[in-house]
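S.K.: I have a structure here, written as structure tokens, and I will follow up with some questions on it.
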Amino acid sequence: MTLPSPASQPRGKALRLHLALARIWASDQRIRGWFTSSNNNDIGSLFLIVATSFFVIGGILAMLIRAQLATPDSAFMEPQVYNQIFTMHGTVMMFLFAIPFFEAMSMLLLPGMLGTRDMAFPRLGAYGLWVYIFGGSAVIIAMLMGLAPDGGWFMYPPLSSAAFSPGIGADVWLLGITSIEVSAIATAIEVIVTVLRYRAAGMSLSRMPIFAWYILVVSVMILTAFPPMILGSLLLEVERALNWPFFQVENGGDPLLWQHLFWLFGHPEVYIIFLPAAGMIATILPVMARTNLLGYGWVVAAAVSLAVLSFGLWVHHMFTTGIPHMGLAFFSAASTLVAVPTSVMIFSWIGTLWKGRARMGLPMLWIMGFFATFVIGGLTGVMLAVVPFNWQVHDTHFVVAHLHYVLIGGYVFPMIAAIYYFMPLLTGRTRFFKLGEVAFWLVVPSFHITFLSVHMAGLLGQRRRTWTYDADQGWTALNLVASIASFVMAIGFALTILDVAVNAFVAVRGRRNPWGAGTLEWAGAIPSPAYGFASIPIVQGRYPLHDDPDLALHIARGEGYLGDASRIRRETLIVSTARGEPLQVVVLPGNSVLPFLLAVVTSTSFLAPLFDAYIVAGLALVAVVALALVWAWGLGGRVDEGHVDAGHGAMLPLASECRDPPGWWGSVFLLLADGVHFGSLLFGYAFLWTVAPNWPPHSYLQPQLWAVIVALTGALALTAGPRLAVRAIAKGGTAWPAITLGIVGSLALAIAAASVMLDRPGPARHAYDATLWLLAGHVGLHTILSAIMLCYLAARVAAGYASPARIGEAGIVKLWADFTVATGLVALAAAWLPGAFA
Amino acid sequence: MIDILRLSLPITVWLAGFSAVYALQGLSCSRHWPADLDARQVLLAAYAVAIVLQLIALLAVLYAPSKARFVQTTATVLAATALGAAVWTLMPVLATSVCL
């Protein structure tokens, strides 16, 4: 497939195409646009600004901590306030800054890098943004009202239980953070489907930009790491609100269960934060070194293996909890092993520098700061992986220093490099004011002075989370030095933000691709227009702009795919996952206030319980379902369009007329997260059964024959119904009998689940009873969802939205029904089997 | 999608095996473990099974190759990494005390 010569095209075509596409993809004007836009540029920019605001808040909290610790016996803060401040510092930086910041960068950059026009689910991105804003704001407002959590950012029970943390501080954390995790999962699904399906023609897996690989890996990690945390938050919140004793030893619970669930999330979280930054380095460093990335395949393999290995490390945060030596040794071995893929990346980057000719611009300076800092953080990480050393420094300031070396050195520095590197692309301006260099030289040396001192204080025995210390403990000078240097660092970060803001708004207009990069994001106009590319590029290598210097011109003239705006709708291309062959044309939704409204009611359902407004929360949940249905109803069409001209002679089907539309792919990955959540629940059940001191309970639930029969019959009907419905729609037949069969099946499964609750009416008596209620609740929730989906499908069929071609929605319902059956049967078996064999 | 599985499955098998052996070790130290069953022998058997599974995964990648060279090379590296990870991370069953 070759492109025609630029000279053969009429002049002015690019401009006409630009004007037409700009009209089609334009956001609403003025204030309305803020609430209705779903364009990746708008959503990404808002994400970036809000995340940066939270970084500033987290930084101010850090300064308060250092002010308190600067001198011994300090009266600057009361211990109660100090507890809130350090808890909020960790919470804000980890949940409100780090993850949303790279999500913002992904939204802004991914479509450009991949050669597509927007993210896969633009409205989902907008929804994630607003949920994040509401959840994050609630947490900050609670802090300003003196209602912040104070149990540390990992909220260990029993300290965080109702007995020791009365008031709503811990609830703010549990509900607020969970809502933010919902936002992160929404974004992760969007990113995965975008990377796998929304790419330029010809962009096979081996031609994908390296950042896309990293962010794909990270997004899968989010889907598998966050659900245990969401489950943990649910268990703790239910224990606090309803006294279901998951973590109360006297009633069959175990506080160690929280630590397992938290660190099943918490350790991968470190890599979830690091890997996007590594992706930025792997993107920027070769360009700054004027060469290509050395060992692309090795770096991909290292990123994948690092991601998976990181799920085998969680217990190294629990080395002092009395776990047997063999268990400790497993996790010590795994913790040392992650140094290998990390080193592969580091050596790849060093080798890239070696083979290229580096220019020491500001992005490169920050990357040099990364190398100097992250390698030290990595080495102290290996020290902490060794059990005897870990025992010595556990919960000391050594650990605090280590995690700051990894997170600031390994994340913040590369992200600042990325901001400077991509500034011309994001703002259309070239940096003019040179505050950035001053800021760099303030931040990096002062960072090392601060945290080397904190390392030393930790080695000398200073415990973390203690609000003050005595003068005779020998830590005074180290703390004073650390505090002074930390304020210099804060000034440096403030100057960086100022430099970026000033340059973004008033610097001179720049030219396209000032760094001479070879990847597609630099092929469009700067700043990137709402439609991204005037036509979908055709690529034949990993560095398309190097392969074809005229590619930008070809794209602008509409010489790629979909270079024709005559259908007046937001179209982009879907390609095959492995080879990047054009498969489908997808029509993206337009501006809508629905994501904002849905975020309002979602956040209300999370936050209303803080004020015991359970009726409001329930109503909000009903509104969530209603708005979600309205949202879904607006997609698709009532008429088969058949294949449409995508350009280059390719006639492609619309995604809505295929068996695997984007919604099907999104459901697959959402169900992956749901499955991990369910698996975490089973893990918790098995953990309590195996380890908790006050087990077994007084009696096990005895399965009733009628309930077993109802469950099996229901599972059969719910499996068969959607299948028969798909078959009927595919043949143009009547689908409602099959749909009714599915609904009856879901009701039967729900009745079986209800029988578990009715047989054990006291979930507050023992952790076993509480776990049974959660298992039954899982089944009940999913049967309700399946029933709603089946009813929705019936309505869609009746309204003419389904046809033998438009069968994707029925496939999605079948997917959810299958998941409900599979997990439902496992959950009911887990509830009944112990009693059957007892 | 098959290529994505080629890339991800062997190392995911490592995670499953690692978690399973850790769970087995936890179970072996619990009140549910039969007194007459030698925990170390069972763990050694589980270690062997984990390694064999990784070998099978590696052989599957080698003998059912992807058409895409990049995918094949990366999948082979990842499968070999998973085998090495299984050998290394579960090695404590050879040496350390089981329940102390």
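S.K.: Of all residues in segment A:663-707, which are of a type in the set (A, V, I, L, M), touching a residue at least 60 places away in the same chain (Cβ under 8 Å) and within 14 Å of chain B (Cβ to nearest Cβ)?
M.R.: Scanning segment A:663-707 gives A:Val668, A:Leu672, A:Val676, A:Leu682, A:Leu688, A:Val691, A:Ala692.
S.K.: Looking only at segment A:279-317, count every residue that is within 30 Å of A:Phe154 (Cα to Cα), away from chain B (no Cβ under 11 Å) and at pLDDT 95 or above and tell me the total.
M.R.: 3
S.K.: Do we find a residue being in a helix (DSSP H, G or I), within 14 Å of chain B (Cβ to nearest Cβ) and under 24 Å from A:Leu293 (Cα atoms) anywhere in segment A:174-194?
M.R.: There is at least one residue in segment A:174-194 that is in a helix (DSSP H, G or I), within 14 Å of chain B (Cβ to nearest Cβ) and under 24 Å from A:Leu293 (Cα atoms).
S.K.: State which residue pairs qualify: first residue under 14 Å from A:Arg806 (Cβ atoms) and inside segment A:725-740, second residue hydroxyl-bearing (Ser, Thr, Tyr) in any location, beta carbons under 9 Å apart, and separation of 6 or more residues or different chains.
M.R.: A:Ala728/A:Thr734; A:Ile729/A:Ser803; A:Gly732/A:Ser803
S.K.: From the set of residues in segment A:704-726 that are buried (at least 21 other Cβ atoms within 10 Å of the Cβ) and not aliphatic (A, V, I, L, M), which is nearest to the chain's Cα centre (by Cα)?
M.R.: Selected residue: A:Pro722.
S.K.: Residues that are more than 21 Å from A:Leu124 (Cβ to Cβ), surrounded by fewer than 18 Cβ atoms within 10 Å (Cβ to Cβ) and assigned by TED's automatic domain parsing to the domain that holds A:Asp564: does segment A:592-600 have at least one?
M.R.: For segment A:592-600, residues more than 21 Å from A:Leu124 (Cβ to Cβ), surrounded by fewer than 18 Cβ atoms within 10 Å (Cβ to Cβ) and assigned by TED's automatic domain parsing to the domain that holds A:Asp564: absent.
S.K.: Here's a follow-up. Against the conditions (1) more than 27 Å from the chain's Cα centre (by Cα); (2) farther than 19 Å from A:Met318 by Cβ; (3) among the aromatic types (Phe, Trp, Tyr), where does A:Phe247 fall short? Just the number, please.
M.R.: With respect to (1) more than 27 Å from the chain's Cα centre (by Cα); (2) farther than 19 Å from A:Met318 by Cβ; (3) among the aromatic types (Phe, Trp, Tyr), A:Phe247 is out only on (2).
S.K.: Is segment A:761-779 home to any residue that is charged (D, E, K, R) and more than 33 Å from the chain's Cα centre (by Cα)?
M.R.: Yes.
S.K.: Is it true that some residue in segment A:62-83 is more than 30 Å from A:Ala170 (Cβ to Cβ), out of contact with any strand residue (DSSP E or B) (no Cβ under 7 Å at 6 or more places or on another chain) and of a type in the set (Ser, Thr, Tyr)?
M.R.: yes
S.K.: Can I ask one more? Search segment A:61-75 for residues that are charged (D, E, K, R) and pair each with any residue that is part of a helix (DSSP H, G or I) when their beta-carbon atoms are under 6 Å apart and the residues are at least 6 apart or on different chains.
M.R.: A:Arg66/A:Ser483; A:Arg66/A:Ser486
S.K.: State the number of residues belonging to segment A:748-767 that are in contact (Cβ under 8 Å) with a residue 24 or more places away in the chain and over 15 Å from A:Leu236 (Cα atoms).
M.R.: Counting residues in segment A:748-767 that are in contact (Cβ under 8 Å) with a residue 24 or more places away in the chain and over 15 Å from A:Leu236 (Cα atoms) gives 12.
S.K.: Just need a number here: residues in segment A:318-339 that are within 9 Å of another protein chain (Cβ to nearest Cβ), touching a residue at least 24 places away in the same chain (Cβ under 8 Å) and of a type in the set (Val, Ile, Thr).
M.R.: 1
S.K.: Right, here's the next one. Take A:Gly745 and tell me if it is more than 30 Å from A:Ala188 (Cα to Cα) and either in contact (Cβ under 8 Å) with a residue 40 or more places away in the chain or of a type outside the set (Ser, Thr, Tyr) (or both).
M.R.: For A:Gly745, the condition - more than 30 Å from A:Ala188 (Cα to Cα) and either in contact (Cβ under 8 Å) with a residue 40 or more places away in the chain or of a type outside the set (Ser, Thr, Tyr) (or both) - is met.
The values are calculated or read from the model by the stated rules, or taken from the named source; none is laboratory data. Note that the structure is predicted; figures quoted are calculated from it, not measured. Here the Cβ is made from the backbone with ideal geometry for all residues, glycine too, and neighbour counts use every protein chain on show.
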